[in-house]
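The values are calculated or read from the model by the stated rules, or taken from the named source; none is laboratory data. Remember, predicted model here, so these are calculated numbers, not experimental data. Quick reminder, even Gly has a Cβ in these numbers, built from the backbone with ideal geometry, and neighbours come from all protein chains shown.
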Amino acid sequence: MERAERVRAKIPYAVRFALRQTLCLALGGILAASRLFGGLPSLAIAFVAAAENGYLATACAGAVAGALVFSPDFLSGCTAAAALLCCAVISFSLRIITRTRETPAAAAGTAMLCTAATGFTTLLAGGFYLSGVLLLFCDSVIAFGAGFFYARCFMLRRALRRTVPLDSGESLTLLAGICALLPGLCMFHFGQFVPARILGALAVLLASALFWEVGGGVAGLLCGGALEIACAVPGVACCMGIGGLAAGLLGRRHRLLHPVGFLLTALLFPLLTQQSEAVAVFAESAAACALFCLLPPSVLQTLRDTFGGASLQTDRQNEGARMRLRAASRAVSEITPQLIRRQLQAGKVPGTASMIRRARELACADCAGEDVCWKDASSDVPDCLREAFVCLQQKQFLDTDALPGTLGRSCRRRNMLCAACIQAYEESSQSPYASSGIPEWIGTDPFDAASDLLADAAQTLPARELTLPQESAAAGRVLRSYGVPVRSAICTSAGERRALTVVTDPLAEPVRKSALTRELGGVCGCTFDLPTVRSAGDALHWHFAQRAKFCLRTGTAQIAADGKCCGDYFLTFAREGRQTFLLCDGMGTGESAMADAQATAEIFASLLQAGLSFACALRTVNTALLLREDTESVSTMDALQVDLYTGKAVFYKAGAAASYLARDGRTERIETPCLPIGILPDAAFRETARTLQKGDVLLMASDGACATRDEPILRALSEFDGGSARTLARKICAGASAGDFAAPDDRTALVIVVE
């Protein structure tokens, strides 16, 4: 297909335009020569009714010329020419009035109307008779069906060189269009040999190779029926139908069995019917089988890619990446335990450096010989203490006789030093992180964050890659029906949200985006917003996003404890259809508390926007707070994430105050006690989930805005009439400072109204 595109690009546009017009002219003349039932060229009338504006004049001219040349008499030729001209005028006028491309239904109706009106006028002039009425009815039905399929073929002509595979309905449309051309091509014959039958047999073989027995059987019945009507050879439809079915069944074993099955069935036709034309049908079938065998495998593969359905990326293709990420996560998490095991095998105690510092603080801080023992380069005191801690770990006991080296011989405070070593060892053993051998001021494994990142990436990978092949193919069909030169159309699903990404050529005519968006949402099973379109080189990129079910209206209020700077910090952002609210309360009040809260919230928000989960982002932020050796940094974290498509709300709390959910006059207090972040290395959220409805009111507040009793907040929420959310937030903050219920702290209230 790419090679065909390169060859096409090398041909000048004028040459390509002339070739298309010539082909359209020839088809109009050929179809006008075929008159299946009566005196009207119903196939030519349908072709003129379905021709696009750029080809309408050429198709009409070719059809009129063919009708005049191949008519049995002058009167019937003039009648056919009048019907063709009338069809062209009606079709062109209809497009001008509606200002849109003609739909297949309009083309089919115009073709049937012109055929029936012309035939009725002819019968009225020559007299009514039963056979004439029946033939007119058959001509009208043929014109209606052919007009519909010809119009669909004109819409699909650009899709044949695009990357969007055609679905089964569009493939059947092209097959029906080929079958409608076969009667017109039957005018070319050499004795009893008709080349059109070779083309029909080749189409059946290709259909059996693409769609197996079902495609071969359907193609055989359609092509055989059209040839049987045009050539008046009984049994051709049955022969080709059974041949296509046999070719599809045998072709599942090997490619060369396609022509074998078809040829064996065609051989039975002359043996059973014993007709002279049956021998010609067998010879034509053999010629079609020879052409099929000469086709290179690359051509068949291209046809399978074009007509065999969408080959879209699925979630299974991500399984290997998920397994590798999980394996990498496990490997990274085992780094520190392996290092500890190596230290133990080598006779070393993890965390010895921190224990030596602690023993020095307890026993040597006010000793006169501290400088000699610790600052002299030749001193072996640190090495002696390492041996002492190894002995303490092995025997769980240490006395003055067990002190090695210089400490056992000349230390003035041997008893105090033994007690200090035992105390430092006990503190290290009781510490939640000292056994990992990590510096005490860090307090967590530095490889845990990397392990969490890898595990989080493995968990979130499949949701971003889930594609919907059937919806994608249906979207491509809708786009082509609007005349959009689509290259690719992929419908994706992430949880409850769907999106459609389309790549097209530049549009020759404007498209009604509202109607197109509505139909695309119907076939994709959702409601889309109007698309965003951007240009990239010679292509247009369209993105259709699913319309959110809910909308959130917010209002905030803050009151500083010192009247200057509030130590609480809040922010909100939206990502992938989810609205997230963060409220951090730094330790203390004033500017220092606000700086800690702001840094914590912004780091946490940046990690969430980068795609991390809440748990992974919290552990990363907690590690960052523990890394601050100069000062203690403790913050509460209150997070709320609302899915705007499903209404699911998840409350994440780490030391935060209670939240409130008001619905239909009732208020629920949502509280999950836990520690703030920045204290222990194993910080984690406490989660609570709720499903929201329209009209719900949510309140997130810092501990300073929550009174010792809930009455002020419950009363304010119950009296809220759906008005200003900011006014309600101010009322809650002001009510918390009244009487004995006020907390001496900064106050922040965030009100969220679901609409």
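Miscellaneous remarks
- Breaking point among (1) out of contact with any helix residue (DSSP H, G or I) (no Cβ under 6 Å at 6 or more places or on another chain); (2) at pLDDT 80 or above, for Gly169: (2)
- Residue match in the stretch 601-617 (condition: assigned by TED's automatic domain parsing to the domain that holds Asp746, in a strand (DSSP E or B) and in contact with a Cys (Cβ under 8 Å, 6 or more places away or on another chain)): no
- Against the numbered list (1) modelled with pLDDT of 80 or more; (2) small (Gly, Ala, Ser); (3) not in a helix (DSSP H, G or I), Gly483 comes up short only at (1).
- Per-region count, the stretch 568-600, residues outside any strand (DSSP E or B) and either within 10 Å of Ser635 (Cβ to Cβ) or not assigned by TED's automatic domain parsing to the domain that holds Asp703 (or both): 7
- The residues on offer are Gly704, Gly678, and the sole one that is at positive phi and either among the basic types (Lys, Arg) or crowded, with 19+ Cβ neighbours inside 10 Å (or both) is Gly678.
- Any hit, the stretch 76-94, residues being at pLDDT below 90, surrounded by fewer than 17 Cβ atoms within 10 Å (Cβ to Cβ), more than 51 Å from the chain's Cα centre (by Cα) and not aliphatic (A, V, I, L, M): yes
- Checking each residue in the stretch 390-405 for being within 20 Å of Glu361 (Cα to Cα) and surrounded by 16 or more Cβ atoms within 10 Å (Cβ to Cβ) picks out Leu392, Leu398, Leu403, Pro404.
- Top-ranked residue in the stretch 471-515 [being of a type in the set (Val, Ile, Thr) and farther than 21 Å from Ala151 by Cβ; ranked as surrounded by the most Cβ atoms within 10 Å (Cβ to Cβ)]: Val502
- Scanning the stretch 668-725 for residues that are within 41 Å of the chain's Cα centre (by Cα), outside any strand (DSSP E or B) and over 16 Å from Thr636 (Cα atoms) yields Leu692, Gln693, Lys694, Gly695, Asp696, Leu717, Phe720, Asp721, Gly722, Gly723, Ser724, Ala725.
- Boolean, Gly54 is over 16 Å from Phe148 (Cα atoms) and assigned by TED's automatic domain parsing to the domain that holds Arg16: yes
- Cys524 modelled with pLDDT of 85 or more, crowded, with 18+ Cβ neighbours inside 10 Å, touching an Asp or Glu at 6+ places or on another chain (Cβ under 9 Å) and over 29 Å from Ala683 (Cβ atoms): yes
- Against the test of being at pLDDT below 85 and either within 25 Å of Cys179 (Cα to Cα) or not in a helix (DSSP H, G or I) (or both), the options Phe144, Phe149 yield a single qualifying residue, Phe149.
- Criterion violated by Arg412 - all others in (1) at pLDDT 70 or above; (2) farther than 30 Å from Gly678 by Cα; (3) in a helix (DSSP H, G or I) satisfied: (3)
- The combined condition, being among the hydroxyl-bearing types (Ser, Thr, Tyr), out of contact with any Gly (no Cβ under 9 Å at 6 or more places or on another chain), touching a residue at least 12 places away in the same chain (Cβ under 8 Å) and assigned to a helix (DSSP H, G or I), is fulfilled by Thr118.
- Residue in the stretch 335-354 that is surrounded by 17 or more Cβ atoms within 10 Å (Cβ to Cβ), touching a Pro at 6+ places or on another chain (Cβ under 9 Å) and modelled with pLDDT of 75 or more present: no
- For the stretch 658-674, the condition of being modelled with pLDDT of 85 or more, in contact with a Cys (Cβ under 7 Å, 6 or more places away or on another chain) and assigned by TED's automatic domain parsing to the domain that holds Ser592 holds for at least one residue.
- Some residue of the stretch 540-555 being among the charged types (D, E, K, R), modelled with pLDDT of 85 or more and in a loop (DSSP other than H, G, I, E, B): yes
- Residue in the stretch 122-141 that is surrounded by the most Cβ atoms within 10 Å (Cβ to Cβ), counting only those that are within 12 Å of Leu36 (Cβ to Cβ) and out of contact with any helix residue (DSSP H, G or I) (no Cβ under 6 Å at 6 or more places or on another chain): Leu135
Residues are listed down the side, and each one gets a yes or a no for (1) within 21 Å of Ala226 (Cα to Cα); (2) free of Cβ contacts under 8 Å to residues at least 24 places away in the same chain; (3) part of a helix (DSSP H, G or I):
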position: Ala14; (1), (2), (3): no, yes, yes
position: Leu25; (1), (2), (3): no, no, yes
position: Ser34; (1), (2), (3): yes, no, no
position: Leu43; (1), (2), (3): yes, no, yes
position: Gly62; (1), (2), (3): no, no, yes
position: Ser76; (1), (2), (3): no, no, yes
position: Ala82; (1), (2), (3): no, no, yes
